[in-house]
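These notes are about the structure you will find just below.
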């Protein structure tokens, strides 16, 4: 085996350019018959070409335009999902506001709800300590109701924000 063949690069270029039906130039064919190193190189190139042909038949390479369209569609869907998150947050807040208005209207007009609230206020009033100055100065049932509403109004948006942030990841 020759340490370095002077025609190796030329033979490799001819093998890469040649198709199956095209014969190699006579000079290269003669050299491949004489040089064992270049003959081995030719066998490897032909084996790799055959393996490539077999793999392409087994799993055809998709059309680049189809791959591009798929990637564009995926990017568009991700952008649409990202744009929809603030809209979802606004819809949740609008629904919560509407539910609050409906609840307020129901509470203002429902005798059952007002009776329930009166019983809860009476229970709360009876549970409070009997300090005359404090009892006259603060309407405790209204303070309790204000604290509950404040907790709901602070915790509901915090919960919504946590849900939206966790949805992002």
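Can you pull a Stokes-Einstein diffusion coefficient for segment 1-98 at 25 °C (0.890 mPa s), Rh from Kirkwood over Cα pairs, as a whole number of µm²/s? Spell out each step's value before the answer.
On the way: Rh = 18.7 Å.
Diffusion coefficient, whole number: 131 µm²/s.
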**Report entry** Distance between segment 98-114 and segment 24-51 - C-alpha centres, whole angstrom
**Finding:** 91
Query raised in the report: Relative to the longest principal Cα axis of the chain, at what angle does helix 140-168 sit, 0 to 90 degrees, rounded to 10?
Result: 0
Report summary line: Here P(r) for segment 8-58, Cα-Cα distances in 10 Å bins, as whole percents, is 25, 55, 17, 3
Requested in this report: Using just the helices of the chain, give the 222 nm mean residue ellipticity in deg cm²/dmol: DSSP H runs with n ≥ 4 each add -39,500 (n - 2.57), and the total is spread over all residues, rounded to 500.
Outcome: -28500 deg cm²/dmol
Report task. Please give the helix 111-127 orientation as an angle from the longest Cα principal axis of the chain, in degrees from 0 to 90, rounded to the nearest 10. Result -> 80
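Starting from the Kirkwood radius over alpha-carbon pairs of segment 46-110, derive D by Stokes-Einstein at 10 °C in a medium of 1.306 mPa s and give it in µm² s⁻¹. Please list the in-between numbers first.
Numbers: Rh = 17.1 Å.
Once the numbers are plugged in, D ends up at 93 µm²/s.
Go through 24-31, 46-53 and give me the packing order, highest mean Cβ count within 10 Å leading. List each step's numbers first, then the result.
Values: 24-31: 14.4, 46-53: 11.2.
Sorting 24-31, 46-53 by mean packing, highest first, produces 24-31, 46-53.
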Query raised in the report: Which peptide among 32-42, 89-99 comes first, and what is the full order, when sorted by highest mean count of other Cβ atoms within 10 Å?
Result: 32-42, 89-99
Report task. For residue 70 and residue 91, calculate 0.36 nm times their separation in residues minus their Cα-Cα distance, and state this gained length in nm to one decimal. Result -> 4.5 nm
Query raised in the report: What angle, in degrees between 0 and 90 and rounded to the nearest 10, separates the Cα long axis of helix 36-58 from the longest principal axis of the Cα atoms of the chain?
Result: 40
Query - Kirkwood hydrodynamic radius (C-alpha pairs) into Stokes-Einstein, the chain, 37 °C and 0.692 mPa s, D in µm²/s - result: 130
Report summary line: For the chain, averaging the sequence separation of alpha carbon pairs under 8 Å that lie six or more residues apart and dividing by its residue count, the contact order in percent is 16
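Coordinate-derived values only; no laboratory data. Here the structure is a predicted model, which means the values were calculated and not measured. Neighbour counts run over all protein chains shown; Cβ positions are idealised from the backbone, glycine included.
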